[in-house]
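Encoded as structure tokens, the structure appears first; notes follow it.
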Amino acid sequence: MTVRVAICDGPLAETARIQTTGDDGAVVVFEGIVRRLEEGRPISGLTYEVYSPMAENLLKELAQSLIRDFGVTTVVVEHSRGFVPVGQCSFRLVVSGCHRQEVFRASQWFIDRLKEDVPIWKKPVPEDTTADEAG
């Protein structure tokens, strides 16, 4: 059973690779990408504020819940802090387990809980604002 959680500055790099066990039959990779429109308005990106270490601790607790309650074997979570431009990845969840049903259900549950419980806030940056102005 593996849990990895990281809060990273700026956009996330390439997809995290995981070491699966011989028992894993499914791996789900979900990436949250910054969209061009936020509430119908064009943006240049999003700035994420993270209340650490509380956010990291809650992400770890949620990841451990997936292993305990859904029977998955690996959970890797990465979330951005700071400015992420349109088209770039700001959140990644990688979950592996024996069967696709449990892995998909676990992934959906995690994302729903993240949005409800974890102190990470996004602020849209208007289209005519530079990354430096975004903070």
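The values are calculated or read from the model by the stated rules, or taken from the named source; none is laboratory data. Model, not experiment: these values are computed from the prediction. All Cβ positions, even for glycine, are placed from backbone atoms using ideal geometry, and neighbour counts span all protein chains on display.
Scan segment 41-64 for residues that are in contact (Cβ under 8 Å) with a residue 60 or more places away in the chain, more than 18 Å from D112 (Cα to Cα) and either assigned to a helix (DSSP H, G or I) or of a type outside the set (K, R) (or both) and the total you get is 8.
Residues that are within 29 Å of E127 (Cβ to Cβ), of a type outside the set (K, R), without any contact (Cβ under 8 Å) to a residue 24 or more places away in the chain and part of a strand (DSSP E or B): does segment 33-40 have at least one?
Checked segment 33-40: at least one residue is within 29 Å of E127 (Cβ to Cβ), of a type outside the set (K, R), without any contact (Cβ under 8 Å) to a residue 24 or more places away in the chain and part of a strand (DSSP E or B).
Within segment 11-32, the residues that satisfy the criterion of being under 13 Å from the mean Cα position of the chain (by Cα), among the small types (G, A, S) and in a loop (DSSP other than H, G, I, E, B) are A13, A16.
For segment 68-120, the set of residues classified as aromatic (F, W, Y), under 16 Å from G25 (Cβ atoms) and in contact (Cβ under 8 Å) with a residue 40 or more places away in the chain consists of F104 only. The number of residues in segment 105-120 that are surrounded by fewer than 20 Cβ atoms within 10 Å (Cβ to Cβ) and either over 14 Å from E61 (Cβ atoms) or in contact with a strand residue (DSSP E or B) (Cβ under 9 Å, 6 or more places away or on another chain) (or both) comes to 7.
Answer yes or no: is there a residue in segment 94-101 that is in a loop (DSSP other than H, G, I, E, B) and in contact with a Phe, Trp or Tyr (Cβ under 7 Å, 6 or more places away or on another chain).
no
Between D128, D23, the distinction of being touching a Cys at 6+ places or on another chain (Cβ under 9 Å), at pLDDT below 95 and farther than 16 Å from C8 by Cβ belongs to D23 only. The residue list F91, F70 contains one member that is in contact with a Lys or Arg (Cβ under 9 Å, 6 or more places away or on another chain), closer than 16 Å to Q108 by Cα and of a type in the set (A, V, I, L, M, F, W, C), which is F70. Screening E14 on (1) in contact (Cβ under 8 Å) with a residue 24 or more places away in the chain; (2) surrounded by fewer than 17 Cβ atoms within 10 Å (Cβ to Cβ); (3) out of contact with any Cys (no Cβ under 7 Å at 6 or more places or on another chain); (4) farther than 20 Å from I111 by Cβ shows it passes everything except condition (1). Scanning segment 65-75 turns up one or more residues that are crowded, with 21+ Cβ neighbours inside 10 Å and part of a strand (DSSP E or B).
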